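Visitor: So that we are looking at the same thing, I have put the structure below in structure tokens.
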Amino acid sequence: MKDNPSRPLYLVPYYIWIALFVIVPIALIFYFSFLDLTGAFTLENYQNFFSSVYLRMTLSSFWYAFLITLITIVIAYPTAYWLTKTKHKQLWLLLIIIPSWINLLLKAYAFIGIFGLYGPANKLLQTLGAGPWQILFTDFSFIFVSVYIFIPFMVLPIFNSLDKINPALVDASRDLGASSFTTFRRIVFPLAINGVKSGVQAVFIPALSLFVITRLIAGNKVITLGTAIEQQFLVTQNWGMGSTIAVFLILFMIIIMMLTGQKEKGGSYNGKTK
Amino acid sequence: MAKLSKLAKIYLVLVFAILYAPIFYLIFYSFNSGGTMSSFEGFTWEHYGAVFNDTRLLIILMNTVIIALLSSLISTAVGVLGAIGIVFLRNRKTRKTVLSLNTILIVSPDVIIGASFLILFTMIGVKLGFASVLISHIAFSIPIVVIMVLPKLQEMSSSLIDAATDLGASKRDILTRVIIPYIKPGIFAGFFLALTYSLDDFAVTFFVTGNGFSTLSIEIYSMARAGITLTINALSALIFVVTLGLVLGYYFFNQRAGQSPGTGGAKT
């Protein structure tokens with residue numbers, strides 16, 4: 001492997017892809033963020049972004065994303081943990097993943113029926129004596145459906161990192177007299193934290209930019225950064241403003257990536273336990 | 001291994017129930033002769049008939065499948081080569097840069113991918129439609145394939161390649177007879193994941209699809225915005241069955257692959 005003259009050839013299509021579909025699009029977004037509706041150079045979009053309307057929208061978008069991520073972790077962590085202890089764990093994991101293979105639109109559509117005024121959720125509430133409620137087009141339905149959508153994406157990385165933990169470490173901790181809680185806190189949790197971080201990456205950023213669910217389930221009451229971008233690009237046709245919001249979304253994304261970034265140390269550590 | 005406590009079992013059952021409830025709910029009402037998803041009147045196949053009699057819908061379905069298969073095949077080819085290239089990159093800094101660039105499209109929100117591709121296609125003059133959708137799907141699937149293949153390559157001991165070289169294997173032989181067979185599970189995982197992403201994608205497609213061309217998710221979106229039609233239910237039932245078949249096939253393939261020497265030790 002010391003000299004590998006064919007190496008650059010392998011990488012040609014891949015490098016073309018990076019240039020054309022990673023670097024150029026970002027550059028274009030950045031460039032368009034300085035253009036107004038007529039295509040002239042302007043800083044107005046950035047001024048607009050710092051107006052109260054957009055700031056409030058950004059904050060609420062963050063708040064929703066935070067809630068969705070938190071609830072998803074709370075539900076997914078025990079799921080992943082117990083899944084690693086089942087007999088046919090790969091099969092069970094697969095069954096968790098299957099719903100994520102079902103098109104997002106179909107799942108959202110299902111919830112339109114479930115949360116509808118005459119849907120099963122309201123029927124259940126009625127039998128409990130809590131009358132029919134307007135569940136659809138509320139914050140609750142938005143968060144519920146989002147969490148539902150994201151659960152598999154959180155379970156998978158957590159499962160993978162839990163599953164990689166060498167069981168000898170857990171046994172050793174037990175032998176040394178640690179309680180199962182201490183073992184979890186000192187051994188399992190720190191070793192699996194990278195899974196949680198990947199999960200947060202996989203959930204938080206998409207949650208900031210959801211626009212399908214906001215449109216179908218939240219009835220345009222919730223506006224996320226994603227909804228705003230879609231609106232600017234496809235409805236208002238103001239690509240400049242859309243790009244400006246996108247620039248900020250990319251910035252937030254970078255910050256989140258850095259916060260949840262994994263040191264290479266962790267990766268090689270897992271490799272060594274093999 | 002410790003047995004699961006009762007609480008754990010109940011919890012898992014509950015999670016599975018919630019994950020599958022909406023899907024089975026959709027399928028259940030696909031057989032409803034009434035027009036709604038709230039009261040079941042009687043059993044009927046009429047909504048399935050409606051799916052198969054709707055030529056437009058069938059064409060859209062075919063578009064979706066063609067886009068998914070083509071884009072995952074192409075992205076798997078590019079991604080596998082990319083991953084092999086990355087592993088052989090000796091300069092740590094270059095490798096790190098390439099890997100970061102690789103992750104960008106995975107973590108980028110769909111709206112940004114969609115919006116930036118829309119600008120890109122408009123600038124370079126790609127007509128919105130089949131081509132733009134296919135190219136976009138290839139573009140966002142490549143990094144996924146790389147991510148799935150890379151760990152397999154990294155866990156491959158370099159002595160395997162050294163041994164092959166010592167035995168006189170050419171570069172080509174090493175690639176096709178040592179590396180590719182070894183990373184095959186990763187390649188398949190990457191391919192299936194790319195397939196999933198393509199079939200599942202709505203947001204990116206929505207941006208780059210233009211007027212004449214539509215995939216299933218675009219169609220469902222406009223149908224769902226218009227209100228409940230049980231044709232969607234029938235369609236989703238069909239999609240679910242196909243998906244399940246794919247996943248189970250993949251699982252059994254993987255099980256068989258797992259028994260081959262080399263990776264057999266991992267399964268207990």
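Visitor: State the percentage of accessible surface on the protein assembly as shown attributable to carbon and sulfur atoms; use a 1.4 Å probe and exclude ligands, DNA and RNA.
Guide: On the way: 17510 of 25840 Å².
Result for the protein assembly as shown: 68 percent of the exposed heavy-atom area is carbon or sulfur.
Visitor: Give the aspartates and glutamates reachable from A:K107 as a straight Cα distance under 18 Å; neighbours fewer than 8 places away on the same chain don't count.
Guide: A:D139, B:D110, B:D200, B:D201, B:E219
Visitor: Mind checking the mean number of beta-carbon atoms from other chains within 10 Å of the Cβ atoms in A:114-122? Each step should come with its number before you reach the end.
Guide: Numbers: counts 6, 0, 4, 1, 4, 4, 4, 0, 1.
For this peptide, the per-residue mean of nearby foreign Cβ atoms is 3.
Visitor: Under 16 Å from the Cα of B:K93, which aspartates and glutamates turn up, not counting those fewer than eight places away in the same chain?
Guide: Within the straight-line cut-off, B:K93 pairs with A:E264.
Visitor: Let me ask you something else. In peptide B:86-93, what is the residue-averaged number of other protein chain Cβ atoms found within 10 Å of each Cβ?
Guide: Details: counts 3, 3, 7, 3, 4, 0, 1, 0.
Shielding by partners across B:86-93 averages 3.
Visitor: Per DSSP H run of n ≥ 4, the term is -39500 (n - 2.57); total these for the protein assembly as shown, divide by its residue number, and report the mean residue ellipticity at 222 nm rounded to 500 deg cm²/dmol. Walk me through the numbers on the way to the answer.
Guide: On the way: 26 runs with 391 residues, N = 542.
The per-residue figure over the protein assembly as shown is -23500 deg cm²/dmol.
Visitor: What is the distance in Å between the Cα centres of the range A:94-115 and the range B:154-233?
Guide: One Cα centre to the other: 21 Å.
Visitor: Describe numerically, in nm with one decimal, the distance between label points set 7 Å from Cα along Cα→Cβ at B:R92 and at A:Q134.
Guide: Taking the simple label geometry, B:R92 and A:Q134 are separated by 6.0 nm.
Visitor: Sorted from largest down, what three extents in whole angstroms do the Cα atoms of the range A:1-97 have along their principal axes?
Guide: For the range A:1-97, the Cα spread along each principal axis is 63, 52, 23 Å.
Visitor: In cubic angstrom, how much convex hull volume per residue do the alpha carbon atoms of the protein assembly as shown span? Show your work: numbers first, answer last.
Guide: Numbers: hull volume 93.8 nm³, N = 542.
Output value, Cα hull per residue: 173 Å³.
Visitor: I would also like to ask the following. Cα-Cα pairs above 29 Å in chain A: how many percent?
Guide: Working: 18652 of 37401 pairs.
Tail fraction, whole percent: 50.
Visitor: Which order do the peptides B:209-215, B:112-118, A:112-118, B:8-14 come out in when sorted by mean C-beta neighbours inside 10 angstrom, highest first?
Guide: On the way: B:209-215: 17.1, B:112-118: 27.4, A:112-118: 19.0, B:8-14: 14.3.
Taking the mean over residues of other Cβ atoms within 10 Å, the ranking is B:112-118, A:112-118, B:209-215, B:8-14.
Visitor: Now a separate question. Given the whole protein assembly as supplied and a 1.4 Å probe, what does the accessible area of A:R174 come to in Å², nearest 10?
Guide: For A:R174, solvent-accessible area is about 120 Å².
Visitor: What ranking, highest mean first, results for peptides A:245-258, B:157-170, A:225-238 when packing means the other Cβ atoms within 10 Å averaged over each residue?
Guide: Working: A:245-258: 18.4, B:157-170: 11.9, A:225-238: 20.3.
Top of the packing list down: A:225-238, A:245-258, B:157-170.
Visitor: Under the definition of partner shielding as Cβ atoms of other protein chains within 10 Å of a residue Cβ, what is the mean value for peptide B:166-174?
Guide: Details: counts 0, 0, 0, 0, 0, 4, 1, 0, 3.
Partner Cβ neighbours, averaged per residue: 1.
Visitor: Here's something else I'd like to know. Using a Förster distance of 51 Å, how high is the FRET efficiency between A:S51 and A:L176, based on the Cβ-Cβ distance and rounded to 0.05? Can you show the working numbers first?
Guide: Working: r = 59 Å, r/R0 = 1.16.
Rounded to the nearest 0.05, the efficiency is 0.30.
Visitor: Find the accessible area per residue for the range A:1-91; the probe is 1.4 Å, ligands and nucleic acids are left out, and the unit is Å². Before the final figure, lay out each step's value.
Guide: Values: 5220 Å² over 91 residues.
I get 57 Å² per residue for the range A:1-91.
Visitor: Does the range B:1-94 come out rounded, prolate or oblate, given a ≥ b ≥ c as the square roots of the eigenvalues of its C-alpha gyration tensor, rounded meaning a/c under 1.5 and, failing that, prolate meaning a/b above b/c?
Guide: Values: a/c = 4.98, a/b = 1.36, b/c = 3.67.
Note, shape of the range B:1-94 comes out oblate.
Visitor: So, one more: Run the simple label-point estimate for B:T36 and B:S159 please: 7 Å along Cα→C-beta, distance reported in nm.
Guide: Going by the 7 Å Cα→Cβ label model, 7.0 nm.
Visitor: Still on this structure: Which of A:K87/B:K9; A:K87/B:K6; A:K87/A:K164; A:K85/A:K164; A:K89/B:K9; A:K197/B:K184 have a Cα-Cα distance over 18 Å? Each step should come with its number before you reach the end.
Guide: Details: A:K87/B:K9 12 Å; A:K87/B:K6 15 Å; A:K87/A:K164 16 Å; A:K85/A:K164 12 Å; A:K89/B:K9 13 Å; A:K197/B:K184 28 Å.
Long pairs (Cα-Cα over 18 Å): A:K197/B:K184.
The values are calculated or read from the model by the stated rules, or taken from the named source; none is laboratory data. Note that the structure is predicted; figures quoted are calculated from it, not measured. Every residue, glycine among them, receives a Cβ derived from its backbone with ideal geometry; neighbour counts consider all protein chains shown. Quick note on the areas: whole protein, heavy atoms, side chains included, nothing else; ligands and nucleic acids left out. Shrake-Rupley method; radii C 1.70, N 1.55, O 1.52, S 1.80 Å.
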